[in-house]
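Quick notes on the structure that follows.
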Amino acid sequence: MPAACARSVAPVPAIARPERSLGANPEFPALLRSIANGDQTAFARFYDLTCQTIFGLTLRIVRDRGFAEEVTHDVYLQIWNQADRYHSDRGTPLAWALTIARSQIGRAHV
């Protein structure tokens, strides 16, 4: 995970409802389709638009910056490898990414 995202996120007591602010971004579904086709530029754009939210959630849950960075890295690796599994009828792209983050945290604690 680029340090710029990690450094720009401060621990917060609560997360603003990201699905209302970022989740409705009309660019996200197209980015995920492009990511599924191996588009690195689309992946970088999706990362730039979502990393603060993903890292912020992860940091808030695990309360350890280094561990949160590792989990966030794993989240984006999974997004890269499984972007074709996103289905818009199940929720927004950001909600999907946040679900992956929660799942990664659960796996890491096992």
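Brief remarks on what is shown
- Average accessible area per residue (Å²) across region 18-110 - probe 1.4 Å, nucleic acids and ligands excluded: 56 Å²
- Taking the accessible area of region 25-110, probe 1.4 Å, and keeping the other protein chains in place, the carbon and sulfur fraction comes to 46%.
- The shape of region 19-110 comes out prolate: with a ≥ b ≥ c from the C-alpha gyration tensor, a/c is at least 1.5 and a/b beats b/c.
- Inter-label distance, nm, simple model (7 Å from Cα along the C-beta direction), A95/A108: 2.4 nm
- Karplus 3J(HN,Hα) series, Hz, for region 65-80 with 6.51 cos²θ - 1.76 cosθ + 1.60 (x for Gly, Pro): 4, x, 5, 4, 5, 4, 5, 4, 4, 5, 4, 6, 5, 5, 4, 4
- Förster-model FRET efficiency, 25 Å R0, D39 and H73, C-beta, rounded to 0.05: 0.80
- Entry for region 69-110 at q = 0.15, 0.20, 0.28, 0.31 Å⁻¹: log10 I(q)/I(0) = -0.34, -0.58, -0.99, -1.11, Debye formula applied to identical alpha-carbon scatterers, no solvent contribution.
The values are calculated or read from the model by the stated rules, or taken from the named source; none is laboratory data. Here the structure is a predicted model, which is why all the values come from computation and not from measurement. Cβ atoms come from the backbone with ideal geometry, glycine included; neighbour counts cover every protein chain shown. The area values use the complete protein model at the heavy-atom level, side chains included, leaving out ligands, DNA and RNA. Shrake-Rupley method; radii C 1.70, N 1.55, O 1.52, S 1.80 Å.
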